[in-house]
Amino acid sequence: MRLSDLGEFAILDQAILPKARELGDLVGEDCAKVPISLLGELIISSDKGNVPLVWSLDDYAAKYDDMGWLTAIAGISDLATSGADPICATNNIIAPKDFLVKDLEDFVSGFCQALRNYGFQHAGGDLSEGNTFSVSATFVGASNVKSRARRKSVSGNVVAIGELGTFAAAFCQAKHHGMSSLSLNAAKLLTKPEIPFKLMSQVHKEGLVESATDASDGIHTAVKILSQRTQAKVTIDLERLPYTKRVLESSKMVGVQKELLAFAWGNWQPVLFISDEEWSRFQELISNEHVSVLGRYQYGNPSVEYTRNGQYVEFTPKNNEAFGENSYVSNRSLPFL
């Protein structure tokens, strides 16, 4: 059996996490939460740098500061969903000896620009020689909000902070009409995406979050992860999802379901379970933010089901998954394009 026979998530569940959990319970979520006496927790996450999808466009020249920014966002996004305060990050870089110094400088510049934007310090790392350019990074934050004892979800709302599918819609437009057709904000979605770091920290400190993760691999994967963590059944009504004008226009442009664009990976938005008891407080706190209500969750066998006009339907979102046929790492394209 090879990695491609299972795919990333099955590999984690079957081959990696069981062994790691034999050493303790720090693995299995977006970040490790390490208790530090009575002070709180260290929040730690590690990730690798991916080639930005925007590089695949014919009219866009590769810019390594984009990759540096995206590498930082991957880890910072994990810490955001855990409600961490920023501390520092390190990166380990492998580069061939003929790699341009300017490209390396641009990568580090983009990486540091993102760290500065979210309040992290750079704590060093390692630089070594290899056959291709690659990088991994580790991020450290802290929280004085003690993790609540894991409890079974009774019921509540599944929400995503921000609009759905904006990255995919912007990419579709750029692919068909060129980068020059995008507004500055739309172009930024492809080159320098942002995340609601401070908002997530506040939501956690107010004790409003049942569970949270980011949608870096797609909305469906994020919801499935939360369903498994909390032992909850999730129901999403596809007809009631908030589809933006841009998503609807891009859906027609490329000839795919609007749901596939809305659920696509690429948006670094948090997905949260908010219990019914905390819903009013949550709405007050985020009253000035755009929040997409995805559906409902309730205690039961972990599952994610879809309905349309009250009827259960078959729906298979396309998500990014390493070692699988939908992997961006393998084909550098959105799975549905």
message: Using a Cα-Cα cut-off of under 19 Å, which aspartates and glutamates could be cross-linked to residue 205, ignoring same-chain neighbours fewer than 8 residues away?
response: 29, 30, 41, 78, 85, 214, 276, 277, 278, 284, 289
query: How about the range 160-199: which trypsin sites (Lys or Arg not before Pro) there are in a DSSP loop, with at most 15 other Cβ atoms within 10 Å of their Cβ?
result: none
- line: Taking 0.36 nm per residue of separation between residue 301 and residue 287 and subtracting their Cα-Cα distance, the length gained on full extension comes to 1.8 nm
When each of 48/252; 192/252; 63/97; 192/258; 33/224; 175/318 is checked by Cα-Cα distance, pairs over 29 Å: 48/252
- line: Here the Kirkwood hydrodynamic radius of the range 185-334, Cα-based and in Å, equals 16.6 Å
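All of the numbers you see were taken from the coordinates with simple rules; none came from a lab. Quick caveat, the model's predicted, so the values are computed rather than measured. Neighbour counts are summed over all protein chains in view; Cβ atoms, including those assigned to glycine, are modelled from backbone coordinates with ideal geometry.
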